[in-house]
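The values are calculated or read from the model by the stated rules, or taken from the named source; none is laboratory data. Model, not experiment: these values are computed from the prediction. Positions of Cβ are generated from backbone atoms using ideal geometry, with glycine treated the same way; all protein chains shown enter the neighbour counts. Heavy atoms of the whole protein, side chains included, go into the accessibility calculation; ligands, DNA and RNA do not. Shrake-Rupley method; radii C 1.70, N 1.55, O 1.52, S 1.80 Å.
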Amino acid sequence: MTDVTQILSQIESGDPSAADALLPLVYEELRKLAAQRMANEASGSTLQATALVHEAYVRLVDVVHTQSWNNRGHFFGAAAEAMRRILVERARRKVSLKAGGAFDRIDLSDVAAPAAESDVNILDLNDALSQLEQEDPQKAQLVKLRYFAGLSLEEAADALGISTATAKRHWAYARIWLYGRIHRK
């Protein structure tokens with residue numbers, strides 16, 4: 001059993017000091033995942049990768065409502081889901097009318113040389129991923145592990161308990177399916 005898995009089981013059993021021991025072990029990996037996610041965000045985003053990691057970690061290691069973690073892969077899958085939800089919540093807040101979402105925001109530093117927008121709108125992706133989850137939860141989970149957690153195909157297959165060949169087929173199907181849903185407007 002890895003150190004991470006042992007600490008996760010200590011957290012589950014209610015050891016409050018275990019959460020403090022977990023962060024140094026997983027921080028760099030979570031930071032890399034967050035940086036990958038933030039690279040896909042529009043240039044005007046005020047959320048930094050570090051803040052995304054901290055917010056996701058707080059949600060994952062809630063001492064009051066302890067969660068059960070089967071292993072390291074399960075923890076990082078949950079971290080990917082937490083990061084996805086945080087990004088979706090922020091995107092929804094940003095476009096809400098209450099927050100002035102009907103107006104286009106322009107950062108003064110972008111006026112001279114506007115940055116390219118992300119190819120995929122996080123809200124469109126979330127909506128399409130929710131539809132895929134209704135149709136095929138395993139394929140949706142594979143997408144979350146690959147896209148939001150940054151796992152390789154082999155790592156995601158291992159976390160889901162499926163063969164790499166099956167993961168490749170699911171990944172190919174899910175990518176085409178999501179592309180069709182996102183660009184069908």
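Quick check: anything in the range 133-148 touching a helix residue (DSSP H, G or I) at 6+ places or on another chain (Cβ under 6 Å) and among the β-branched types (Val, Ile, Thr)? Yes: the range 133-148 contains one or more residues that are touching a helix residue (DSSP H, G or I) at 6+ places or on another chain (Cβ under 6 Å) and among the β-branched types (Val, Ile, Thr). Against the conditions (1) more than 17 Å from the chain's Cα centre (by Cα); (2) within 18 Å of ARG84 (Cα to Cα), LYS168 satisfies every one except (2). Considering only residues in the range 11-22 that are in a helix (DSSP H, G or I) and surrounded by fewer than 16 Cβ atoms within 10 Å (Cβ to Cβ), the one that is modelled with the highest pLDDT turns out to be ALA21. Considering the range 135-185, and only residues there that are part of a helix (DSSP H, G or I) and of a type in the set (S, T, N, Q), the residue that is least open to solvent (accessible area, probe 1.4 Å) turns out to be THR166.
A single member of LEU25, LEU108 is at pLDDT 80 or above, farther than 19 Å from LEU123 by Cβ and over 16 Å from the mean Cα position of the chain (by Cα), and it is LEU25.
Per the conditions (1) of a type in the set (Val, Ile, Thr); (2) at pLDDT 80 or above; (3) in contact with a Leu (Cβ under 8 Å, 6 or more places away or on another chain), the sole criterion not satisfied by ILE176 is (3).
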